[in-house]
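Input: a single structure, listed below in structure tokens.
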Amino acid sequence: MRSNNGLSWPLGAKCALSLTYDDGLASQFKYAVPQLVQYGIKGTFFPSTWGLTNPENFRIWNQISSAGHEIGCHTLHHPCGNSFDFVKKGYSLQDYTLDRMEKEIMTNIELIREFGYKSKDLVFAYPCGQTALGARLETDYKPLIENMFIAARGTKRDYAVPGNILMNEVPCFGVEDDGQGLINIVKEAERTGTWAVILFHGVGGDYISVTAEAHAELLGYLKDNKDVWTAQFGKVAQYIKNINEG
Ligand SMILES: [Zn+2]
């Protein structure tokens with residue numbers, strides 16, 4: 001049953017798909033980017049600080065952006081709840097106020113704007129998918145994000161259903177699947193007429209990984225597939241917004 005609520009995807013496609021890559025990992029440079037180029041597909045990357053402030057990495061991100069991939073904001077210090085053991089002292093969401101978060105994101109936006117984006121076109125991904133901050137994680141920071149970005153990716157595992165999409169927390173599929181598992185996520189989007197957003201971390205290395213082969217198998221399925229509109233996260237969000245406002 002198609003549930004796209006009267007929304008038509010571009011070029012007669014049955015569904016939309018966005019491939020997103022978090023944390024600016026070396027395995028993404030090594031495997032994911034060359035494969036995307038090989039298959040002619042554009043992705044969305046959400047690096048956090050180290051990738052943007054190190055000059056060598058900044059050069060790489062600039063190349064990736066120039067090739068048509070999207071670079072989004074993922075904060076600078078990647079604050080998550082203090083139950084995660086990788087969170088540095090003083091940098092957990094419990095240590096943040098809305099004001100501190102806003103300042104950090106403004107700096108993040110300034111860095112990303114150097115790739116040529118306009119502020120109003122930028123997208124965001126919540127570190128660890130968490131949307132609240134403060135001593136008891138009592139403050140929702142989604143309204144702040146909604147003011148600063150056209151869309152934000154959360155981590156709730158679901159399809160985004162046209163007519164019922166909250167752009168300040170778009171769901172996605174965090175994956176560690178094999179190639180067929182990745183393709184099955186897309187096939188369900190085709191069947192239901194929805195927007196699937198896939199969240200990758202490592203590709204052929206690093207953490208929460210898929211293999212390079214699985215990633216290539218998915219791209220092979222998407223290449224020249226007219227039933228699936230594969231586009232950058234912000235591009236799909238903008239398309240939906242234009243229809244809702246038009
Ligand atoms: Zn992250």
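The values are calculated or read from the model by the stated rules, or taken from the named source; none is laboratory data. Predicted model, so just to flag it, every value in this text is computed and none were measured. FYI the Cβ positions are ideal-geometry reconstructions off the backbone, even for glycines, and counts take in every protein chain you see. To get the accessible areas, we keep the full protein, side chains included, count just its heavy atoms, and leave off ligands, DNA and RNA. Shrake-Rupley method; radii C 1.70, N 1.55, O 1.52, S 1.80 Å.
Return the loop-located chymotrypsin sites (Phe, Trp or Tyr not before Pro) in region 31-131 (DSSP other than H, G, I, E, B) with at most 14 other Cβ atoms within 10 Å of their own Cβ; answer none if there are none.
Listed in order of number, the matching sites are PHE84, PHE86.
Just to confirm my understanding: which cysteines in the chain have no other cysteine beta carbon less than 4.7 Å from their beta carbon?
Lone cysteines by the Cβ rule: CYS15, CYS73, CYS172.
Have a look at region 139-190 and give its Rg and Dmax from the Cα atoms, expressed in angstrom.
13.4, 40
For Cα pairs less than 8 Å apart in space and 6+ apart in sequence, what is the mean separation divided by the residue count of region 20-84, i.e. the relative contact order in percent?
Across region 20-84, relative contact order equals 36 percent.
Determine the sum of side-chain charges near ASP95: Lys and Arg each +1, Asp and Glu each -1, restricted to other residues whose C-beta is under 13 angstrom from that of ASP95.
Around ASP95, the surrounding residues sum to +2.
For the chain, give the percent of accessible area contributed by carbon and sulfur heavy atoms, probe 1.4 Å, rounded to a whole number.
Ligands and nucleic acids excluded, carbon and sulfur give 51 percent.
With an 8 Å Cα cut-off and a minimum separation of 6 or more residues, compute the relative contact order for the chain in percent.
Across the chain, relative contact order equals 30 percent.
Mind grabbing the accessible area of ARG113 for me, 1.4 Å probe, Å², rounded to tens?
100 Å²
For SER119 and GLU56 in one chain, what is 0.36 nm times their gap in residues minus the Cα-Cα distance, to one decimal in nm?
This chain segment gains 20.3 nm when fully extended.
Please compare each pair in LYS42/LYS88; LYS88/LYS118; LYS88/LYS120; LYS14/LYS156; LYS30/LYS223; LYS30/LYS142 to a cut-off of 27 Å on the Cα-Cα distance and tell me which ones are over it.
With Cα atoms farther than 27 Å apart: LYS42/LYS88; LYS88/LYS118; LYS88/LYS120; LYS30/LYS142.
Taking each full run of DSSP H in the chain as one helix, which ones are at least 30 Å long along their axis (Cα atoms) and have mean Kyte-Doolittle hydropathy of at least 1.0?
none
Kirkwood-based Rg over Rh for region 107-239 (C-alpha set), two decimals?
Taking Rh as the inverse mean 1/r over Cα pairs, Rg/Rh reads 0.98.
Which of GLY134, HIS74, TYR239 sits farthest toward the positive end of the charge dipole of the chain, with +1 on the Cβ of Lys and Arg and -1 on the Cβ of Asp and Glu?
About the Cα centre, the residue reaching furthest to the positive side is TYR239.
Chymotrypsin sites (Phe, Trp or Tyr not before Pro), restricted to region 177-220: which are DSSP loop and have at most 16 other Cβ atoms within 10 Å?
TYR207
With N set to the residue count of region 10-245, report its C-alpha Rg divided by 2.2 N^0.38 Å to two decimal places.
With N residues counted in region 10-245, Rg over 2.2 N^0.38 Å equals 0.96.
Give me the number: length gained by fully extending GLU188 to ASP85, i.e. 0.36 nm times residue separation minus the C-alpha to C-alpha distance, one decimal in nm.
Answer, rounded to one decimal: 33.6 nm.
Given 5 Å bins starting at zero, what is the percent of C-alpha pairs of region 12-86 in each, up to the one with the largest pair distance?
3, 14, 24, 24, 14, 10, 7, 3, 1, 0
Heavy-atom accessible area per residue, region 10-245, 1.4 Å probe: how many Å²?
Each residue of region 10-245 exposes 44 Å² on average to a 1.4 Å probe.
Round to the nearest 0.05 the FRET efficiency obtained for ILE109 and LEU11 when R0 = 41 Å and r is the Cβ-Cβ distance.
After rounding, the FRET efficiency stands at 0.85.
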